[in-house]
1. Using a 1.4 angstrom probe on the protein heavy atoms only, could you order LYS113, LYS323, LYS165 from most to least accessible area?
2. Please give the peptides 276-283, 244-251 ranked by average Cβ packing (other Cβ atoms within 10 Å per residue), highest first, as a rough proxy for protection.
3. I'd like the accessible area for TYR132, computed on protein heavy atoms only with a 1.4 Å probe and all protein chains in place. Round to 10 Å², please.
4. For the chain, build the charge dipole from Cβ charges (+1 Lys, Arg; -1 Asp, Glu) around the Cα centre, then report which of ASN276, ASN221, PHE91 sits farthest towards its positive end.
5. How high is the FRET efficiency between GLU37 and VAL174 when r is their beta carbon distance and R₀ equals 41 Å, given to the nearest 0.05?
6. Over 28 Å between Cα atoms, which of LYS56/LYS109; LYS20/LYS56; LYS165/LYS217; LYS96/LYS217; LYS148/LYS256 qualify?
7. Take the Cα coordinates of the stretch 1-132, assign each an equal point scatterer, and use the Debye formula without solvent to give log10 I(q)/I(0) at q = 0.12, 0.20, 0.21 Å⁻¹.
8. From Cα coordinates alone, what are the radius of gyration and Dmax values for the stretch 147-300 in angstrom?
Amino acid sequence: MRIGILGYGNLGRGVECAVKQNPDMELVAVFTRRNPETVQILTPGVPVLSINEAEKMQDQIDVLILCGGSATDLPVQTPAFAKYFNVVDSFDTHAKIPEHFAAVDTAAKAAGKIGIISVGWDPGMFSLNRMYANAILPDGCDYTFWGKGVSQGHSDAVRRIAGVKDARQYTIPVPEALEAVRNGQNPVLSTRQKHTRECFVVAEEGADLARIENEIKTMPNYFSDYDTTVHFISEEEMKQNHSGIPHGGMVIRSGKTGTQGENQHIIEYSLKLDSNPEFTASVIVAYARAAFRMNQEGQTGCKTVFDVPPAYLSAASGEELRKNLL
Ligand SMILES: NC(=O)C1=CN([C@@H]2O[C@H](COP(=O)(O)OP(=O)(O)OC[C@H]3O[C@@H](n4cnc5c(N)ncnc54)[C@H](OP(=O)(O)O)[C@@H]3O)[C@@H](O)[C@H]2O)C=CC1
Ligand SMILES: N[C@@H](C[C@H]1CC(C(=O)O)=NO1)C(=O)O
């Protein structure tokens with residue numbers, strides 16, 4: 001399979017690494033909005049090209065993986081490139097997934113292509129596990145906790161604010177909430193009662209710090225529903241204290257069965273990630289394999305992780321899967 005990467009940041013670099021781990025794939029090109037000569041990638045011999053060159057390569061790429069930011073890049077880029085390629089993205093502005101799905105579906109169907117959106121871990125693997133748990137235990141309640149770790153989506157959203165030079169956002173689960181859930185108390189928790197958010201920001205020289213802090217704290221879909229703290233730091237402090245992008249979290253569902261609901265069951269799916277972007281990229285690359293296969297079968301339009309048969313993610317044949325993993 002011939003892979004293209006569009007947008008080269010943390011996630012783009014992660015996809016480049018993930019492709020190397022999949023012998024059935026090769027990286028054909030990386031596309032960027034910046035001057036290609038200023039973008040250094042890891043794979044010698046793979047061209048870095050302007051985003052404007054991508055359309056010309058539609059016959060040389062089987063799946064284009066979109067690694068832009070969800071806040072402002074993917075809403076434009078995914079529908080735009082679904083006109084020419086099978087695409088996969090990691091779009092994670094949950095409230096806007098329905099409109100993103102509709103835009104990608106229109107473009108992909110018209111072009112006879114497939115677009116799998118919102119791939120990663122949340123949305124993505126956590127979405128799948130929430131869905132499995134709800135289907136299996138309809139009488140119950142579920143919880144999602146993230147962190148403590150660096151949310152790439154929230155960090156990207158802060159970096160898009162005028163006057164911000166760099167940013168990292170840590171998501172922190174509220175200990176009391178996590179404990180109550182773990183104790184099986186089935187608490188009713190608001191968004192604000194489950195997590196707090198902490199931002200470390202490098203501002204441009206002379207930027208209005210009060211305005212930046214206010215824009216962060218009031219940002220809909222990202223921060224407005226959370227208690228958020230903002231720290232302004234130097235570039236040196238950012239490099240020294242916040243260079244990693246670890247993360248993780250869990251999906252927990254407690255459900256009841258039996259004649260009177262007398263038996264309780266707990267389903268838990270958890271992740272502990274040294275590198276949020278590299279893990280996310282590994283999920284995306286597996287779904288790129290599925291996108292290619294589904295399109296080869298004649299499927300088109302927009303899909304989510306709910307629509308992809310699990311076996312399509314694997315490089316192993318059906319026989320190998322039945323023999324080794326069933
Ligand atoms: N579903 C999920 O579970 C997850 C989803 N995500 C999503 O992935 C998105 C991308 O995250 P991430 O890769 O960390 O974001 P980055 O900020 O690293 O990259 C986003 C884009 O910014 C541009 N860029 C990168 N570095 C620079 C630079 N030094 N100067 C100028 N522009 C730059 C690149 O585009 P270009 O090359 O065109 O300039 C890149 O595609 C997030 O917004 C999030 O929504 C992330 C993790 C999990
Ligand atoms: N999409 C998230 C992945 C997880 C992490 C997260 C959060 O910390 O709010 N929400 O979902 C990311 O961009 O890292």
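The values are calculated or read from the model by the stated rules, or taken from the named source; none is laboratory data. These figures come from a predicted structure and were not determined experimentally. Heads up, the Cβs are rebuilt from the backbone with ideal geometry, glycines too, and the neighbour counts pull from every protein chain shown. Side chains are part of the model used for accessible areas, which takes the heavy atoms of the whole protein and leaves out ligands, DNA and RNA. Shrake-Rupley method; radii C 1.70, N 1.55, O 1.52, S 1.80 Å.
1. The ranking, largest first, comes out as LYS323, LYS165, LYS113.
2. Ranking, from highest mean packing down: 276-283, 244-251.
3. Accessible area, nearest 10 Å²: 100 Å².
4. PHE91
5. The pair GLU37/VAL174 has a calculated efficiency of 0.30.
6. Check vs 28 Å cut-off fails for LYS148/LYS256.
7. One equal scatterer on each Cα of the stretch 1-132 leads to -0.44, -1.20, -1.30.
8. Final numbers for Rg and Dmax: 19.8, 67 Å.
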